[in-house]
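Quick notes on the structure that follows.
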Amino acid sequence: MSDVGNHIKVVLFGTPGVFIGDEKERIHFPYRKAEGIFYYLCVNKSALRDELINVFWEDCDEQTGRKNLRQALYELKKVLPVEPVKAEGQNRLYLDADAVFIEDADLPEEELLLQGKEFLQYFYVKGAPGFDDWVNERRLELKERCRAAARKLIPDAVRVRDVKKLHETLMAWHKLEPYEEHVIKETMEAYSACGQYNMAIQAYQDYQELIRKELEEEPGEELASLYRQIFRLKENDTGTGAMPEKRFYCRYPEIYDLGRSLDRFSAGSSSVSVVITGELGVGKTALLTHMSKMAPGQRTMYFLTHCYETEKAYYLKAFREWFKWLEKYDDEGRLHLSKDNQELLHQLFSDRYLKQEERPAVFGASTYAIWEDSVISMFREITGKRRIVLFIDDIQWMDDLSRQLLWRLVLELEGKFCFIATYRTGEEESNLDFLRRAERRELVRFMKLLPFTEEETAEIIRSEIPAGNAGIMASKIWQRTEGNAMFLMDLLNMIRDEGWDSGSIPPKSEYIVRARLRNITPVQKQILCALSIFMEHAELYELEILVDMDRLSLLEELEALEKHRIVQELVAGEYLAYEFRHQYYKEYVYNDQPLAKRRHMHYLVAKAYEKLKNNKRWLEHLPFIIYQFEKAGERALADQYRQEYKVETDATVISGDLG
């Protein structure tokens, strides 16, 4: 663009226009077909003369059409400050890209969607149906691009809970397709997944009002059902419904997902079972309990049962709570079981079914098979009237016979029975194999529960911590707890009672840490003690400073600690290293050692680092040498290396500047 002042600027979205340079001086065309030809060339870059005649004068004979085209091109030449339309040969016309700047050409789909402007809006050419068809095709193409952009932006915004971005995207999509019910459905789902139930409800009500007024119609039953479910979610979230308990924080996508599954199942649709997986303390049990209390409908029965590690050896202990509830319902006349099944249900509580030492006598293979068939028959009778959802906490501890019975219930009562269970990662593998097998048959799906993000942690802190403690940085609390729900709530309770103390582990969290560490061997404890001495993570050669063990054996023990989910492997630059999975594990192991032992170990590591004086990684190790000598109580040596580090880093900076 050699002379900006004479360049032509073109706007194609919203009200179209052609302007001279940057002065926004609009060019007025003598008639619409000439202007339409110019827009057509701006989009397509080139066109055959015959093509333009067919688009703008399809009802004219060839001679008249060519005459009209020549006249239109002449008018363009007169009205435009430069000549942007050039001829190539006898029959092709093209747009000189150097003479024209198209302001909204090649916009990314996201910008097309968010700007919310229609292509050549309100621009109509009389007597040119071919041009109208071309404009409509272009609008449909652009609408599809915008729709694809919305479907990408919406889950991205939901994932990070960017409500502002989500709202902008959804409003732009509504403007694009105001009468499409699927747009409202996806809007309500997206808002609900972010916990914005009021906005989801408002979206439905606005849509309902629109189609009543414009189309004299009502929303479909599927959308109305979604509206009712979201209303119930809102009541439970705010404590105004039938669940008067403390507010359940975050987990909005998971609550919405599980809530929808339960709602569809209760309404008569089939539903796969769900296994909620996650590390210890991440909030699986809290989520499961929350969902069991807000489960919908009168056509479905909901039961909550727990599995315990100490009871894994007992037959059917995992289902004892469930069977007790069924017995209670039958006594109240709510099951209407046959006499045989009533007797069977009461027999389920005989102690002989639960005592470990009596298992061989009671549960021979043939005996159990007969008993199991009878139980399945009883459940067929129950589910003939009402469906069943079973909530199972800590399914990793389920005993073998309970697991076998659960498998048959899922297979033989498909569509009438499902379960939602929690599974602690890194624990009993046999039950995980069973669940994966069910997943391959599309009977079960997994939902991974992650620790809270820093933003979610900040939201919880704002609600939990009194205003007087508002100065505590959310990021510090998040770094300390790493978003683990149990550790977070335990720490917040301690802050409320005792104030902020960055060096101590809250009592409940300490109990959990001790429980996690109770099954490790003395050798593994020695490795953990060594690992806790290092500032961040430790490479193998660093652990070998403190652990007298050949490398292969050390790797095997570290692998075992990884399976216990106490340590994790990571790549530190070019090197393999290990660190604690959670800061609390490190703090507990470190503080559990005598001070004299810790100081001695710090000293050994610092002296080993000193031997790297001429190593290429010397500068990298200096901060760690300082840390180790300080922890060893050798302040003079720490100060000596602190001064050396300052000299080395200053020299590096000067050298870099000169280079």
Completion exercise
Listed by chain and number, the residues whose amide H is under 5 Å from that of Thr277, excluding neighbours fewer than 5 places away on the same chain and using placed H, are Tyr423, Met447, Lys448, Leu449
Problem - Ellipticity estimate at 222 nm from DSSP helix runs (n ≥ 4, -39,500 (n - 2.57)) divided over the chain, nearest 500 - result: -18000 deg cm²/dmol
Fill in the blank from the handout: Rounded to one decimal in nm, the spacing of the 7 Å Cα→Cβ label points at Met171 and Glu186 is 1.9
Practice task
May I ask for the net charge around Ile505, where only other residues with Cβ less than 9 Å from the Cβ of Ile505 are counted and Lys, Arg are +1 while Asp, Glu are -1?
Solution key: -3
Completion exercise
Scalar couplings 3J(HN,Hα) for segment 433-450 by Karplus 6.51 cos²θ - 1.76 cosθ + 1.60 (θ = phi - 60°), nearest whole Hz, x for Gly and Pro, are 4, 4, 5, 5, 5, 5, 5, 4, 8, 6, 9, 9, 10, 9, 10, 8, 9, 9
Fill in the blank from the handout: Lys and Arg at +1, Asp and Glu at -1: neighbours of Ile154 with Cβ under 10 Å from its Cβ sum to +1
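Could you work out what % of the accessible surface of segment 407-454 is carbon and sulfur, using a 1.4 angstrom probe and leaving DNA, RNA and ligands out of the count?
45
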Handout entry: Contour excess over end-to-end distance, with Cα ends at Met535 and Glu111 and 0.36 nm allotted per residue
Key = 148.0 nm
Completion exercise
Between the modelled labels at Lys525 and Leu443 (7 Å from Cα along Cα→Cβ) the distance in nm is 4.3
Problem - Coil-residue trypsin sites (Lys or Arg not before Pro) of segment 504-544, DSSP, other Cβ within 10 Å capped at 16 - result: Arg518
Practice task
Measure up Lys312/Lys525; Lys152/Lys234; Lys525/Lys597; Lys607/Lys631 against 18 Å on the Cα-Cα distance and list the ones that go over.
Solution key: Lys312/Lys525; Lys152/Lys234
Problem - Sites Gln121 and Gln63, calculated FRET efficiency, Cβ-Cβ separation with R0 30 Å, nearest 0.05 - result: 0.30
Handout entry: Set of lysines with alpha-carbon distance to Lys339 below 21 Å, sequence-local pairs under 8 removed
Key = Lys324, Lys328, Lys385
Fill in the blank from the handout: Read-out percent of Cα pairs over 50 Å apart, candidates (1) 30; (2) 41; (3) 47; calculated match is (2)
Exercise for the section: Express in whole angstrom the spacing between the alpha-carbon centres of segment 398-427 and segment 162-177. Expected result: 41
Handout entry: Cleavage-rule hits (GluC sites (Glu not before Pro)) in segment 310-346: DSSP loop, at most 10 neighbouring Cβ within 10 angstrom
Key = Glu332
Exercise for the section: Using Cα positions and a limit of under 18 Å, work out the lysines in reach of Lys78, with same-chain residues fewer than 8 apart set aside. Expected result: Lys9, Lys33, Lys67, Lys86
Problem - 0 to 90° range, to nearest 10: angle between helix 32-44 axis and the chain longest Cα axis - result: 40
Practice task
Determine the per residue accessible area of the chain with all protein chains present and a 1.4 angstrom probe, expressed in square angstrom.
Solution key: 50
Fill in the blank from the handout: Helix 551-563 sits off the longest principal axis of the Cα atoms of the chain, rounded to the nearest 10 on a 0 to 90 degree scale, by 80
Exercise for the section: Would you work out the relative contact order for the chain, in percent, from Cα pairs under 8 angstrom that are 6 or more residues apart? Expected result: 8
Handout entry: Taking segment 45-183 and dividing mean pair separation by its residue count, relative contact order in percent (alpha carbons under 8 Å, at least six apart)
Key = 24
Fill in the blank from the handout: Carbon plus sulfur, as percent of the 1.4 Å-probe accessible area of segment 52-98, comes to 41
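Stretched out fully, how many nm does the piece from Gln71 to Lys607 gain, at 0.36 nm a residue minus the Cα gap?
183.8 nm
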Problem - the chain: angle of helix 181-193 to the longest principal axis, Cα-based, in degrees nearest 10 - result: 40
Handout entry: Local net charge near Lys143, Cβ-Cβ under 14 Å (Lys/Arg +1, Asp/Glu -1)
Key = 0
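How much length, in nm to one decimal, is gained on full extension between Thr367 and Arg496, taken as 0.36 nm per residue of separation minus their Cα-Cα distance?
40.8 nm
The values are calculated or read from the model by the stated rules, or taken from the named source; none is laboratory data. Predicted model only: the values in this text are computed from it and were never measured. We place every Cβ from the backbone using ideal geometry, glycine too, and count neighbours over all the protein chains shown. Keep in mind that these areas ignore ligands, DNA and RNA; they rest on the heavy atoms of the full protein, side chains included. Shrake-Rupley method; radii C 1.70, N 1.55, O 1.52, S 1.80 Å.
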